[in-house]
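Colleague: Let me begin by handing over the structure; questions about it come next.
Readers should treat all values here as calculations from the given coordinates under stated rules, not as data from a laboratory. All values derive from a computational prediction rather than experimental measurement. All Cβ positions, glycine included, derive from the backbone under ideal geometry; neighbour counts span all protein chains shown.
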């Protein structure tokens, strides 16, 4: 599995833990479900952007043809 996949799995687990803690504290019960979905989409988007930006150096390979 590539590092980007491991990063995204960890990020989703972190997000799930944060959402579970906010639900247990009763904070999410006062927020409309649409805003919760919008917030989750934004946070996942940021996580994907961070994972891609940290995925390593991109190089092009040149092949000499004779």
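Colleague: Once the Cα atoms of helix 33-53 and of the chain are each reduced to a long axis, what angle between those two axes, in degrees from 0 to 90 to the nearest 10, is obtained?
Modeller: The angle comes out at about 20 degrees.
Colleague: How far, in degrees from 0 to 90, does helix 3-25 lean away from the longest principal axis of the Cα atoms of the chain, to the nearest 10?
Modeller: 10
Colleague: How many nm is it between the label spots at residue 64 and residue 19, if each spot is 7 Å from the Cα in line with the beta carbon?
Modeller: 5.4
Colleague: I'm a student and want to see the number: the projected area of the Cα convex hull of the chain, averaged over all directions, in nm².
Modeller: 6.3
Colleague: So what is the calculated 222 nm ellipticity per residue for the chain, using -39500 (n - 2.57) for each DSSP H run with n of 4 or more, over all residues, to the nearest 500 deg cm²/dmol?
Modeller: Calculated at 222 nm, the ellipticity per residue is -23500 deg cm²/dmol.
Colleague: Between residue 9 and residue 52, what is the FRET efficiency for a Förster distance of 25 Å, r being their Cβ-Cβ separation, to the nearest 0.05?
Modeller: In this case the efficiency is close to 0.95.
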